[in-house]
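Take a look at the structure set out below.
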Amino acid sequence: MVQASFFWYGSWADGCILKDVFPSLFFICEQKNQCVNRFRFPSNLDAHQLGWNFHLPLSLSNFNPSKAQELHLFLSRFWLDESGVDQLIWTASPGATFSVADAINILVQSSGLPPPVWPKIIWGNNVPFKIMVFHWLAIKQCIPVRDILASRSILPPNVSTLCVFCMTDIETIDHLLIHCKWSSSILSDLFRWWNIRWIIPRSIVDFSFDWFYGMGIKASKFWKLIGPATMWAIWMARNDFIFNGKFTCRSIIVRNIKLKVFLWASSLKLVHGLQAYVWDQNPFLFCQ
Ligand SMILES: [Zn+2]
C-alpha cells in the first residue's frame, strides 16, 4: 500500500518528482501534501484497474487537460503492489543496505571532483580511533593550538601565542606538529632510525600524504602508523608541558613512539615474532 510516499514530492514514480515534471498541475492541486494512496481512484478497484484523481478544483479542471492526460499516461506505466510495504529503499548498494562509502561515491560522482583521499589516509588507517579523529582535526585546522584559540578570543590576552617549545614562533598547527625545531628534531630521529633523509613538508596535509604514500611498499605499512603516532605524541607532550608543567625529553618521546607503533603492529600481526629491541635496532627486518 502506498501510504507513506508523497504523491507530488516523493520519488516513487521511477525516481521522478511529479511536482517538478508537472508543475502546472501541482500548482492547482488541492492536496499537495497527501500520500500516493489518496490519489487512487476509485479505491475499490484492484491495482491493474487503478485510476487517478489528481484533486484538481472543479473550476479549474479544464485548466490544462492535456497535461492531466499526460500525467495519466505517465502513471499508467506503473503497477502498484497493494500487498507490499511502502518504505524507503537504498538502491545505491547491493542488497539495498546503506553504506557511507556508497553515499560518498554518489556525491563524488555527482560533483565531478576526484575521489577524496582522506577516508583512506585517515579513516582507513589502523590506529586508535581517537588518533584518527586528532589527525582529521589537524587536517581541518581545528586543533586548539594557541594561534587558533587567540583568533577565537578564547586565549586570555595575557597568555602568549608563541610555541611553548621554541618560544620564537606562533603556535600554529603546522608549526607545532612539523615545523618547530623541537618537533622536527623528533621527526628527524625517526627518519634517521630508518636511514631516510627528509625535507620538512610545507603543511600537515603534505606531511600526511608523504607519510602515507611516500615510502616503499614494505615499509609503508609501518610509516602509516608512525606518522599519526608522532603527531599524537607531540600533542600529548605539549599538553603535558602546558597544563602539568611536565617536560618530556625528545629521546623519551621517540622511544614511546617506537614502542606504541610496535604494539599496534603486533596487534596487526606485522611483527612476525620479532622482539621490540629488534624493532628499535633494525626496523627493516620487519619489512622482509
Ligand atoms: Zn616551536
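For a quick check: sort 272, 179 by the number of other beta carbons within 10 angstrom, fewest at the front.
On the way: 272 10, 179 20.
Result, fewest neighbours first: 272, 179.
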Margin query: Compute the distance from the alpha-carbon center of segment 134-169 to that of segment 192-246, in whole Å.
Written below: 19 Å
Checklist line | Sequence-separation-based contact order of segment 115-189, relative, with Cα cut under 8 Å and 6+ spacing, percent | finding: 19 percent
Item checked: Relative pair counts by distance (%), Cα atoms of the chain, 5 Å bins -> 1, 4, 9, 11, 11, 9, 7, 6, 5, 5, 5, 6, 7, 6, 5, 3, 1, 0
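Based only on other Cβ atoms within 10 Å, what is the fewest-to-most ordering of 243, 286?
Details: 243 8, 286 18.
With the sparsest Cβ surroundings first, the list reads 243, 286.
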Next item on the list: Calculate the spin-label point distance for residue 166 paired with residue 202, positioning each point 7 Å from the Cα along the beta-carbon direction, and give it in nanometres.
Entry: 1.8 nm
Margin query: I need to check one value: relative contact order of segment 125-287, counting alpha carbon pairs closer than 8 Å and at least 6 residues apart, in percent.
Written below: 21 percent
Next item on the list: Past 23 Å, Cα to Cα, is the threshold; run 130/221; 181/221; 130/260; 218/269; 140/260; 224/260 against it and keep the listed order.
Entry: 181/221; 140/260
Next item on the list: Quote the relative contact order of the chain in percent (integer), defining contacts as alpha-carbon pairs under 8 Å separated by 6+ residues.
Entry: 11 percent
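Arranged by the count of other C-beta atoms within 10 angstrom, fewest first, what order do 22, 129, 74 take?
Numbers: 22 20, 129 8, 74 15.
With the fewest neighbours first, 22, 129, 74 line up as 129, 74, 22.
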Margin query: Tell me the angle of helix 65-75 to the major Cα principal axis of the chain, expressed in degrees between 0 and 90 and rounded to the nearest ten.
Written below: 60 degrees
Notebook entry, point to check: Which one of 227, 265, 164 has its Cα pushed farthest toward the positive end of the charge dipole of segment 125-287, where Lys and Arg give +1 and Asp and Glu give -1 at the Cβ?
Noted result: 265
Check: Relative to the longest principal axis of the chain, what angle (0 to 90°, nearest 10) does the C-alpha long axis of helix 181-193 take?
Finding: 80 degrees
Notebook entry, point to check: Pairing the Cα long axis of helix 204-213 with the longest principal axis of the chain, what angle in degrees results, from 0 to 90 and rounded to the nearest 10?
Noted result: 90 degrees
Margin query: Give me the extension gain from residue 88 to residue 70: residue separation times 0.36 nm, minus the current Cα-Cα distance, reported in nm with one decimal.
Written below: 3.8 nm
Checklist line | Enclosed volume per residue, in Å³, of the convex hull spanned by Cα atoms of segment 94-144 | finding: 109 Å³
Notebook entry, point to check: Given the options 232, 90, 193, which has the most mean-square fluctuation in a GNM of the chain, springs set between C-alpha atoms less than 10 angstrom apart?
Noted result: 90
Note to self: Could you tell me the calculated FRET efficiency between residue 142 and residue 103, based on Cβ-Cβ distance and R0 = 25 angstrom, to the nearest 0.05?
What the structure shows: 0.65
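Each value in this text was obtained by applying a stated rule to the coordinates, not by laboratory testing. From a predicted model like this one, the values you see are computed outputs, not experimental measurements. Cβ coordinates were reconstructed from backbone atoms using ideal geometry, including for glycine residues, and neighbour counts include every protein chain displayed.
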